[in-house]
Amino acid sequence: MKARLTLALLFCLLTAFPAFCFASALGLPQTGQENCYNEDGGLVNCNGSGQDGDFKAGVAWPNPRFTDNGDGTITDNLTGLMWLKNANPGQTVEDPNDPGNPVGSCFAPSSPTICYGYMTWQEALDFIAGINAGTYDLNSCANAELNCIAYSATYTDWRLPNINELNSLYNAGAADPAAWLQGQGFENIPNSLGSAYWSSTTDSQNANDAWAFDFQADGSGSNTIVIYQKTNGLSLAWAVRGGPNGVADPAHPANVAKTGQTLCYDEQGNVRNCSGTGEDGEYQHGVTWPSPRFTDNQDGTITDELTGLMWLKDFDCVGGSGNMEWQEGLDAVNTFNSSPGTYSCSGYTANYNDWRLPNRTELTSLLAWSRPVLNSALPAGHPFLNVEPNWYWSSTTFETSPSNTYSVNLRYGNIPRSGKANDQWVTAVRGQSTTPVPPPVGDVDGDDLVTTEDAIALLKLLNGIDPGVTIDMELADANADGVLSLEDALYILKDVGGHGHFFTKDELEELQTVEDLLNLASSSLVNSQNGWEDLGSLNEILVDLGVQDVSGDGIVAVANSLRDVLANASECGAYERDGNTFTFTFSSAPACGSISGVLVITPTYSAETGILFEVDCQNLNTGECTIDGHSTTKVEANASQVVVTQDIEDLTVCGTALNGTITVTYNTASMSVESVVLENVLYSYTVEGVPVTVAIDNMTYTGATQTFTGTMQIQYGDDSYTLTITNLVIDQTCGIPTSGTITVNGLTFDFSQTTCENPTVQTTVHGIPFTMDLDDAIAYFNSL
């Protein structure tokens, strides 16, 4: 096998590159609730009630919410997930041509004339695997002219949904959630008590149980999310496919997150090899949690980096007694907004007045369904204090019986309805789609508002520029450390953006001075006496603006890792600062990963170049390999875009020499990638003693269409290859090209007829056109 850069590797690079470089935040959807009710279930005016119907917090649902694909499948336009239109495909009826035998599959052999689709958990997993393998013909009922739903699709990647995916279908604003789904185009959704759906997610604390979801509508039951023994044969199986896996897909406003489950268990609760099980632990489908998941803001609040929501750190802060009725909980949060000093909140120094009782979706977002910690349904290592293993009120009324509301059990994770007159626990949340109410601290110009103008006025003052307004020095000290500095200006900017959240489109339209603000901030940084600490703060702001880590040497990686190094400089080696140049000389200390060598970073700013971060690696040995060379990262911003350009100069990483320029352009309104351009990129290495050089003159990725176009030259020993990529589109659900062409030394592979279900490629060899399997095309290329 001569050609080491195979088509398979090329596809991997093309599909992985955007996901590796660019992350987007997870948007929590609205619950669907529009109305507000009192404790007796009577309708009340939502305005000022503090209820879910008042705030309607979260991402608005698209209209239409669902699209019927005409092939027995329905796509959820909110999440991007595709579902079987038949919500109970295991249900079959007697075959009139073969009395006594059911059509399709049946898991009720004792009563074969009618099979209702009930099955055990393992049978549900096997049933979905059978659909993919063709063992269970979903269209057999329709072919027999029975009352079944036609299915003409040919997908082979169906899976039993995890508990988050099932929960994403629930409309808390519908009096009959099952009937609502039927009205959206789905069929065969039971609305009777006990007709729950198996998820692929095990209750790992009692691993012989699994999570299930009940779309019950009669109000007689107690839970929507429940735990059943895996051998219980009275739940149903529904199939799902698609949706983002790993990185959020900006094409769908509310991607579903991973559950947190990584292991697999059999029906007896024994850990087993995940491969081929179909379990949640095998697929781990959904958006990956950030690491760390939570940020302690050091003011008594915690930001969930997965959802962007801010929570009170002390869960005993508002409703610590646990004896609050639902209305009392709503009132307590409202009182906390106006008089936080009347509550005993551990370490709370923030001054927000827009806290609210979380809705059902927000409270559920905190759950780790694998429950790795005894008596806690929250993720392991979470920073919250005084979380009670008990019931917490949500602001969402149970529409079927509005004298009840939804509670979330933070010990087990189940979600029941609960009478509003019961006594339960209360916590508070803020952020996401609600408008933050800025505190008076940070009102630099004295206009009773905290805006970007306050940050700019303070930055001008710090840079010796007349701000044009009278500065209130006390309010300008936004972080209350007694010193006016860049930290205060950046603190104000973060607060205007929602403290840890991306800016909304409306906020960005108002923020006409982003470029000026970044320029002033960079100038302050270079002239600052606290340079590296300020650099870290500036980095946080850039992250808030959507500037993610562009590569291993990216702005985020450098700032985060080197701040940690600085904090342990005495253990890692020597640290020096000369002006705005920071030099780290590593001493191979075990406490710092035995890193040796020298790292130099220099942040600079000028009106001509903007913000630059120069990084020099001088024989930096990580223990696995050596990094040596230079790179420069440039950040430019305006009201609509952030452009990050990285120039790599003679950088050698683990034996591979790199040169060239990578430019990434972000749309700041949507926080999406507009384009990636690779120019004059050259990298070289050796394979089994054979020198390999790859030269990319120009390669472009267009985010709106997810299209790749460009040319690369590959020199493998004495052999030369030219790869020309034209309008190549990678299907994100299966990772293969489904449009465009790749030409290798005149041999063209045409993907215009390729689909995930039909992984073939069109080509012409010696004048003869023919169709090849994609695997055969890859093997053919490898034989060149």
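Structure summary
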| quantity | calculated |
| --- | --- |
| Residues of the range 25-79 classified as under 15 Å from N255 (Cβ atoms) and of a type in the set (S, T, Y), total | 2 |
| Residue match in the range 356-370 (condition: modelled with pLDDT under 85 and buried (at least 21 other Cβ atoms within 10 Å of the Cβ)) | yes |
| Given (1) farther than 30 Å from W326 by Cβ; (2) modelled with pLDDT of 65 or more, number of the condition F503 does not satisfy | (2) |
| From the options T259, T349, T301, residue that is at negative phi, within 16 Å of the chain's Cα centre (by Cα), modelled with pLDDT under 95 and of a type outside the set (F, W, Y) | T259 |
| Among (1) surrounded by fewer than 18 Cβ atoms within 10 Å (Cβ to Cβ); (2) over 17 Å from the mean Cα position of the chain (by Cα); (3) not in a loop (DSSP other than H, G, I, E, B) - the single one T295 does not satisfy | (2) |
| Residue satisfying condition, being without any contact (Cβ under 8 Å) to a residue 60 or more places away in the chain, assigned by TED's automatic domain parsing to the domain that holds L309, closer than 17 Å to G431 by Cα and of a type outside the set (A, V, I, L, M), within set N351, N337, N359 | N337 |
| Residues (surrounded by fewer than 16 Cβ atoms within 10 Å (Cβ to Cβ) and either of a type in the set (D, E, K, R) or closer than 16 Å to A421 by Cα (or both)) located in the range 318-353 | S321, G322, N323, D331 |
| Any hit, the range 322-342, residues being assigned to a loop (DSSP other than H, G, I, E, B) and over 30 Å from the mean Cα position of the chain (by Cα) | yes |
| Qualifying residue in the range 384-402 (condition: β-branched (V, I, T), in contact (Cβ under 8 Å) with a residue 60 or more places away in the chain, surrounded by 18 or more Cβ atoms within 10 Å (Cβ to Cβ) and within 20 Å of N162 (Cβ to Cβ)) | no |
| Strands (runs of 3 or more DSSP E) fully within the range 643-750 counting 2 or more residues that are of a type in the set (A, V, I, L, M) and under 25 Å from A777 (Cα atoms) | 690-702, 707-716, 719-730, 737-744 |
| Single match in D54, D40 (criterion: modelled with pLDDT of 90 or more, charged (D, E, K, R) and exposed (fewer than 14 other Cβ atoms within 10 Å of the Cβ)) | D40 |
| Scan of the range 259-271 for residues that are crowded, with 16+ Cβ neighbours inside 10 Å, in contact with a Cys (Cβ under 9 Å, 6 or more places away or on another chain) and either outside any loop (DSSP other than H, G, I, E, B) or assigned by TED's automatic domain parsing to the domain that holds G413 (or both), ordered by number | C264 |
| Odd one out for S418, checked against (1) in a strand (DSSP E or B); (2) at pLDDT 90 or above | (2) |
| S291 vs. criteria over 30 Å from K230 (Cβ atoms) and among the polar types (S, T, N, Q) | yes |
| Given (1) modelled with pLDDT under 85; (2) out of contact with any strand residue (DSSP E or B) (no Cβ under 9 Å at 6 or more places or on another chain); (3) outside any helix (DSSP H, G or I), index of the condition L378 fails | (1) |
| Residue among T427, T434, T405 that is among the polar types (S, T, N, Q), modelled with pLDDT of 90 or more and touching a helix residue (DSSP H, G or I) at 6+ places or on another chain (Cβ under 7 Å) | T405 |
| Tabulated pairs, the range 705-722, first on the phi < 0 side of the Ramachandran plot and surrounded by 14 or more Cβ atoms within 10 Å (Cβ to Cβ), second in a strand (DSSP E or B) and of a type in the set (S, T, N, Q), C-beta under 6 angstrom, 6+ apart or interchain | T707/N727; T709/T700; T709/T726; T709/N727; T711/T724; Q713/T722; Q715/T693 |
| Residue check, T277 in a loop (DSSP other than H, G, I, E, B), touching a strand residue (DSSP E or B) at 6+ places or on another chain (Cβ under 9 Å), at pLDDT 90 or above and surrounded by fewer than 23 Cβ atoms within 10 Å (Cβ to Cβ) | yes |
| Residues of the range 152-175 that turn out to be surrounded by 22 or more Cβ atoms within 10 Å (Cβ to Cβ) and over 17 Å from F66 (Cα atoms), as a count | 7 |
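The values are calculated or read from the model by the stated rules, or taken from the named source; none is laboratory data. Predicted model only: the values in this text are computed from it and were never measured. Cβ coordinates were reconstructed from backbone atoms using ideal geometry, including for glycine residues, and neighbour counts include every protein chain displayed.
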